[in-house]
Structures are given as structure tokens and as C-alpha cells.
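Student: Right, I'll just put the structure down here and ask away after.
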Amino acid sequence: FVNAIYGWVRDTAGNLRRTTNGGATWSLVTARPLPAGPTSLMAVRFANFNVGVAGMAQAGACLSWFSRTTDGGLTWSAPQAGPSNHFTFGTPQIGWGTSHCDLGPSYSDHLHKTTDGALSWVGLNHADLVYTDLQAYDAEQLFAYSQGARVDKSSDGGVTFQSQRTETSYLSSRS
């Protein structure tokens with residue numbers, strides 16, 4: 001949701017749905033941001049009513065694809081490859097993604113950042129950190145969650161992190 005009225009979700013069949021009435025009803029978004037092949041929609045994140053990014057993946061594959069919309073999901077850009085299992089955006093252009101696999105020299109780090117709306121990604125040299133989820137609040141504030149009840153906070157866009165311990169053995173960033 002970008003406010004109390006407008007939101008997008010991935011349904012159980014892997015389709016994108018949109019609400020314009022606070023979730024009372026959901027309509028199918030017929031434009032599919034998926035590349036050719038056995039690919040399914042994994043997540044969708046909207047920065048505002050118009051600008052959003054859809055993340056897609058193939059079963060058993062580590063490489064993901066990202067497609068971008070600037071009209072509320074009515075049309076989507078051609079999918080671009082990216083290294084992400086989980087992703088979040090702090091602004092329509094700036095976001096972060098995680099990878100749980102070694103994808104070669106281009107994607108050897110586990111944390112990546114985009115500054116162009118998922119058109120390209122760069123590693124942030126945190127190969128020793130494996131995050132299970134991410135949550136951004138703006139272009140600088142990023143929380144990264146990992147197994148073992150660890151929460152890392154970055155206030156500089158993912159360049160450095162401060163680790164924190166929690167009192168639970170399982171964390172989920174979604175409330």
C-alpha cells in the first residue's frame with residue numbers, strides 16, 4: 001500500500017492485483033511484468049501511486065528479474081536481470097536486494113543496491129552477511145534482517161551497518 005486507499009498484492013496464483021478502495025475489492029492487473037519462461041511474480045513494491053517494481057524468479061534459480069511501471073501497473077518495462085531474492089525501495093529509484101547464492105563476479109555480494117529503479121545493481125561488499133529480508137524507509141535508512149534474531153541498521157544507504165540483537169529467534173519485517 002502507498003496509502004490507506006491504494007495498494008498492490010501478489011495473489012496465490014502469482015498474479016498482480018490492485019485495490020483502489022482500501023482493500024474492499026481487488027482487480028486483476030492484466031499487464032504482466034513477467035519475462036518469457038517458467039517465471040512467477042515474487043513480490044511487488046510501489047513507492048507511490050504510479051511508480052512500482054515487480055520482482056520475479058524462476059523456481060530453483062538465484063537470478064531474478066525486475067520490471068518497472070510508471071503508470072500504476074498498467075504497463076511494465078522489459079524485465080532486467082538482478083541478483084535479488086528479497087528487495088525493498090526507499091524511493092522510486094533507490095532500493096536494495098539480497099542474494100542467497102553465489103552468482104559469479106557480477107553478483108558475488110549478498111547485498112546489492114540500485115539507484116536507477118532496478119535497471120542496474122551494484123554489490124555493497126557485504127559478502128559475509130546473508131539477510132533474509134530488508135526494509136527501507138528512505139534513501140539512507142535501511143534495516144536488514146537475518147536468521148539468529150539479528151537486525152542490522154544502516155543510516156548511510158547500506159555502506160555500513162550497526163548490528164543489534166533481539167529477544168526472539170525468528171524475525172519478520174512485515175507487520
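Student: Please work out which residue is modelled with the highest pLDDT, limiting yourself to the range 33-46 and to residues that are over 18 Å from Gly117 (Cα atoms), in contact with a strand residue (DSSP E or B) (Cβ under 9 Å, 6 or more places away or on another chain) and surrounded by fewer than 17 Cβ atoms within 10 Å (Cβ to Cβ).
Tutor: Per the criteria, the residue is Ser40.
Student: Any chance you could count how many residues in the range 80-112 are at pLDDT 80 or above and assigned to a loop (DSSP other than H, G, I, E, B)?
Tutor: Here the count works out to 5.
The values are calculated or read from the model by the stated rules, or taken from the named source; none is laboratory data. In this text, all values refer to a predicted model and were calculated from it rather than measured experimentally. We place every Cβ from the backbone using ideal geometry, glycine too, and count neighbours over all the protein chains shown.
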